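Everything below concerns the one structure shown next.
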Amino acid sequence: MIIRLYQEADQAALLAVWYRAAAIAHPFLPAEHFEQERAAIATQYLPVAETWVYEHQGEVVGFISLLGQTVGGFFVDPAMQGQGIGRSLMDHAVQLRGPLDVEVFEQNAIGQRFYDRYGFVSMGQSCHGETGQTLIQMELIENDAMAQ
């Protein structure tokens with residue numbers, strides 16, 4: 001297991017992990033949304049975010065992107081979920097930044113379940129302008145990883 005900073009050479013693997021995980025977590029979003037997001041991640045988000053990747057046997061299998069204390073992107077390859085990778089990435093982010101916040105689609109049961117278990121609490125809702133879907137704003141107030 002290695003958690004390390006993202007490098008440009010990771011882009012194809014990171015986008016593949018993102019797509020596989022996002023397609024499962026967001027089946028309610030139209031296909032064109034994924035096409036637009038893939039391009040935006042590569043050209044707009046990755047250049048400005050602090051992104052950490054999780055490597056397993058030399059392969060990128062998960063990542064977390066931070067914009068200050070905001071989790072801007074957080075995905076683990078579906079084949080690797082349930083093995084502690086998401087928790088390890090989130091622990092790493094919490095150790096770097098302390099309390100975090102995130103927005104998650106209301107219909108994203110996978111994401112909400114993870115954030116709830118990790119200790120995030122709902123702080124409100126908004127409408128995602130591009131899709132019209134409801135977003136839940138969540139904050140991590142206190143967590144065991146912060147004490148480490």
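Derivation of every value follows stated rules applied to the coordinates shown; laboratory data play no part. Values in this document were obtained by computation on a predicted structure and should not be read as measured data. Glycine gets a Cβ as well: all are built from the backbone with ideal geometry, and neighbour counts include every protein chain shown.
Observations on the structure shown:
- Karplus-based coupling profile of region 103-108, in residue order and whole Hz: 10, 9, 4, 4, 7, 8, with θ = phi - 60° in 6.51 cos²θ - 1.76 cosθ + 1.60 and x standing for Gly or Pro.
- Two-site label geometry, GLN57 and ALA40: point separation in nm, points 7 Å out along Cα→Cβ: 3.5 nm
- Taken along its three principal axes, the alpha carbon spread of the chain comes to 39, 35, 28 Å, from the longest extent down to the shortest.
- Here's the picture: charge each Lys and Arg Cβ at +1 and each Asp and Glu Cβ at -1 in the chain, and of GLY62, ALA22, HIS128 the one pushed furthest to the positive end of that dipole is GLY62.
- Estimated FRET transfer efficiency when R0 is 41 angstrom, pair LEU96-PHE28 (beta carbons, to 0.05): 0.85
- A cut-off of 5 Å between modelled amide H atoms, ignoring neighbours fewer than 5 places along the same chain, links GLY62 with TYR54, ASP77.
- Counted over region 2-147, the DSSP beta bridges are approximately 95% antiparallel.
- Charged-residue dipole, Cβ positions (Lys, Arg, Asp, Glu), the chain about Cα centre, Debye nearest 20: 220 debye
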